[in-house]
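These notes are about the structure you will find just below.
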Amino acid sequence: MTTTSNTSAKSAAAKPAARTATKPAAKPAAKPAAKPVAAVKAAAAPVVSTPDFTKRYKMLTGIDDSEFCTKVGLHLDNGYELYGSPTSTFNGKNVIVGQAVVLKKLPSKKKPGKKK
């Protein structure tokens, strides 16, 4: 009898325990290494937005290039006129220019209650 119990004990020890149908826990996604702020700004594409043409007065500034000239021209095409003399300065790398513009005529406001 000792032999039989030893044999069953050996066979039980030799067999692996029954596996349960649980999945291992998923590893959380590793966060990418943080980029320096300067690198993020340099990598981002410039955001081109439509200017707000409802302000009565604006001081347009920027690097003296065709983009600035386009900005001024766009304001002139949308009812602004130049106000005063342009200004310029040098920041050690680029010439920075500025030009004040004023809205010639305010957009007409619809009055409530009146219909045409």
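The values are calculated or read from the model by the stated rules, or taken from the named source; none is laboratory data. Because the structure is predicted, anything quoted here is derived from the model rather than measured. So basically every Cβ, Gly included, is an ideal-geometry build from the backbone, and we count neighbours across all protein chains shown.
Annotation: Val101 fulfils all but one of (1) surrounded by fewer than 12 Cβ atoms within 10 Å (Cβ to Cβ); (2) modelled with pLDDT of 95 or more; the unmet one is (1). Among the residues making up region 53-91, those that are assigned to a loop (DSSP other than H, G, I, E, B) and over 19 Å from Lys105 (Cβ atoms) are Asp64, Asp65, Asn91.
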